[in-house]
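The values are calculated or read from the model by the stated rules, or taken from the named source; none is laboratory data. Because the structure is predicted, anything quoted here is derived from the model rather than measured. A quick note on method: Cβ atoms are made from the backbone with ideal geometry, for glycine too, and the neighbour counts reach across all protein chains shown.
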Amino acid sequence: MSVHSLRGFRDLLPADARLFASIEAAARETFALYGYQELRIPTIELKELFVKSTGDTTDIVEKEMYAFTDGGGREVAVRPEGTPGVVRAYIENNLGQTGRNGKYFYIGNMFRAERPQAGRFREFEQIGAEHIGNASPHADAETITMLVRLLEKVGVSGCSVVLNSLGCGECRKTYREVLLAFLRSRAEKLCEPCRGRIERNPLRALDCKLDGPALAETAPKLTLCPACAEHFSRTQELLKISGVKHEVNPSLVRGLDYYTRTVFEVRSSALGSQDAVCGGGRYDDLVKSMGGPAAPAVGWAVGVDRMAMLLQDKTAADNSPEAFVVAASKDAGNKAFELTTALRNFPGGPISADFSSFELSLKSQMRSADKSGASFALIIGEDELKAGTVTIKPLKEKGDQFTVPVADAPSRLKQLLKD
Ligand SMILES: [Zn+2]
Ligand SMILES: [Zn+2]
């Protein structure tokens, strides 16, 4: 057989993996600053969880979900997004009672069977935040501010926020009828999937990639009830206080069923176009509709690939060793192995060290030393072995090699690395 990865799946080789890890580290720092705690949720859940929360009229659930029947005859699915799992965990573990503040973040891989295209993968990493149990506009403004701060910390430039309010169930009740009547009147102009789902979820047509742009111009607009209007204007006021650049776009819908009130997207000047980097919104009814307590919530998710793609500087700190140890013979090899251990355990601060194979030729070991990116090679040849010494040779900067007693090598090297 020939080994190869599945279509739409890829390897993250060390340079990319380092970049992803540095983005994750920036995210963790940002979350700590805002009092968010990590939640690790399962990769596989009952399929019903996603059908009921993400929504059975969404592309994610309708077309893109990896769902199958497991050995026990259960209908399960590999998570296409993080929010449903977080909500389930919140309900199942009674976090509304036992949790600290309802603020959670997750970092994990999601799976969607999208048609593979440039920059899109079927397994992709998302970083997400959910603030559950807080209806106040402060929660909206805080989480949006945190997202912008994270993007800027990572290095995504020129971020601005586009937002809208989808209102609550109350303001949507009448709007749904008005919108449905409008969509029915022009059903023959809509795409096939929209025609099939307008009765179940008329709002989805506004978010359709094909029909959305035309409908945004012509479709009747939602009028917010007084409570929703106040929530929306306060959210904007608080964003202003946070210093977050934002504008309102009444046609912003976002493609998920559970959104209520605030929905938002972040755009970057690096992308230029209308394309959003990421987004999120409020979902005040989801926890309750999934069988939990009444717990209004707001959250967002961002793709790590998307962030990585937008970075000007894609070089994350390299983890090359500081020292590369080389030996000239089998006996010298044991001494060199001992020295490698002493470097890593140095009480004055560990020195990262590597070696190739002490049984290869000196020339081949030196080639590996050059390739390793190490700053210094530490060489134990026949002479050094007899004298109990080691030769230290700079690899990156010009400078003469010199010989020191093996016991002194770690402290001398530490000094050189500091200079
Ligand atoms: Zn309302
Ligand atoms: Zn459509």
Mind counting the residues in region 354-364 that are within 39 Å of the chain's Cα centre (by Cα) and surrounded by 17 or more Cβ atoms within 10 Å (Cβ to Cβ)?
3
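So that you can scan it fast, the table gives a plain yes or no per residue for (1) in contact with a Leu (Cβ under 8 Å, 6 or more places away or on another chain); (2) within 30 Å of Ala26 (Cα to Cα); (3) within 16 Å of ligand 2 (Cβ to nearest atom); (4) charged (D, E, K, R):
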{"residue": "Thr143", "(1), (2), (3), (4)": "no, yes, no, no"}
{"residue": "Leu180", "(1), (2), (3), (4)": "no, no, yes, no"}
{"residue": "Ala214", "(1), (2), (3), (4)": "no, no, yes, no"}
{"residue": "Leu224", "(1), (2), (3), (4)": "no, no, no, no"}
Might you let me know whether region 185-195 holds any residue that is outside the structural domain of Val266 (by TED's automatic domain parsing), surrounded by 22 or more Cβ atoms within 10 Å (Cβ to Cβ), among the hydrophobic types (A, V, I, L, M, F, W, C) and within 16 Å of ligand 2 (Cβ to nearest atom)?
yes
Among (1) farther than 29 Å from Arg197 by Cβ; (2) surrounded by fewer than 19 Cβ atoms within 10 Å (Cβ to Cβ); (3) in the same structural domain as Gln117 (by TED's automatic domain parsing), which single condition is Phe9 missing?
(3)
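Can you say whether Ser268 is over 19 Å from Ser165 (Cα atoms) and more than 12 Å from ligand 2 (Cβ to nearest atom), as far as the supplied structure shows?
Yes; evaluated as a whole, the condition is true for this residue.
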Identify, please: which residue in region 232-259 is part of a loop (DSSP other than H, G, I, E, B) and more than 26 Å from the chain's Cα centre (by Cα) and is, among those, nearest to Ala219 (Cα to Cα)?
Ser251
Check region 321-333 and report whether any residue there is free of Cβ contacts under 8 Å to residues at least 24 places away in the same chain and in a loop (DSSP other than H, G, I, E, B).
no
Hey, Ile127 hits all of (1) crowded, with 18+ Cβ neighbours inside 10 Å; (2) touching a residue at least 24 places away in the same chain (Cβ under 8 Å); (3) under 28 Å from Pro202 (Cβ atoms) but one; which does it fall short on?
(3)
Tell me whether region 112-120 contains one or more residues that are in contact (Cβ under 8 Å) with a residue 40 or more places away in the chain, in contact with a helix residue (DSSP H, G or I) (Cβ under 7 Å, 6 or more places away or on another chain) and closer than 19 Å to Ala21 by Cα.
yes
Going by the conditions given, is Glu75 in contact with a Ser or Thr (Cβ under 7 Å, 6 or more places away or on another chain) and either closer than 20 Å to Ala32 by Cα or not assigned by TED's automatic domain parsing to the domain that holds Gly280 (or both)?
no
Test Val87 against the criterion of being crowded, with 22+ Cβ neighbours inside 10 Å and in contact with a Pro (Cβ under 8 Å, 6 or more places away or on another chain), and give yes or no.
no
Unique match (being within 23 Å of Pro296 (Cα to Cα), in the same structural domain as Val304 (by TED's automatic domain parsing) and surrounded by fewer than 19 Cβ atoms within 10 Å (Cβ to Cβ)) among Thr98, Thr58, Thr43:
Thr98
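Here is a list: Ala301, Ala295. Which entry is surrounded by fewer than 21 Cβ atoms within 10 Å (Cβ to Cβ) and out of contact with any Pro (no Cβ under 6 Å at 6 or more places or on another chain)?
When all the criteria are applied, what remains is Ala301.
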Kindly indicate the residue of region 12-51 that is of a type in the set (Val, Ile, Thr) and touching a strand residue (DSSP E or B) at 6+ places or on another chain (Cβ under 7 Å) and also nearest to Ile107 (Cα to Cα) among those meeting that condition.
Ile41
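Yes or no, residue by residue, for (1) within 30 Å of Thr315 (Cβ to Cβ); (2) under 17 Å from the mean Cα position of the chain (by Cα):
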position	(1), (2)
Arg100	no, no
Gly119	yes, yes
His138	no, no
Leu147	yes, yes
Gly158	yes, no
So which helices (runs of 4 or more DSSP H) are wholly in region 38-140 and hold at least 2 residues that are under 30 Å from Arg7 (Cα atoms)?
47-50, 59-62, 83-92
For the structure I just gave you, tell me whether Val263 is closer than 30 Å to Leu19 by Cβ, within 16 Å of ligand 1 (Cβ to nearest atom) and in the same structural domain as Leu19 (by TED's automatic domain parsing).
yes
Considering only residues that are exposed (fewer than 14 other Cβ atoms within 10 Å of the Cβ) and more than 9 Å from ligand 2 (Cβ to nearest atom), which ones fall in region 196-212?
Gly196, Glu199, Arg200
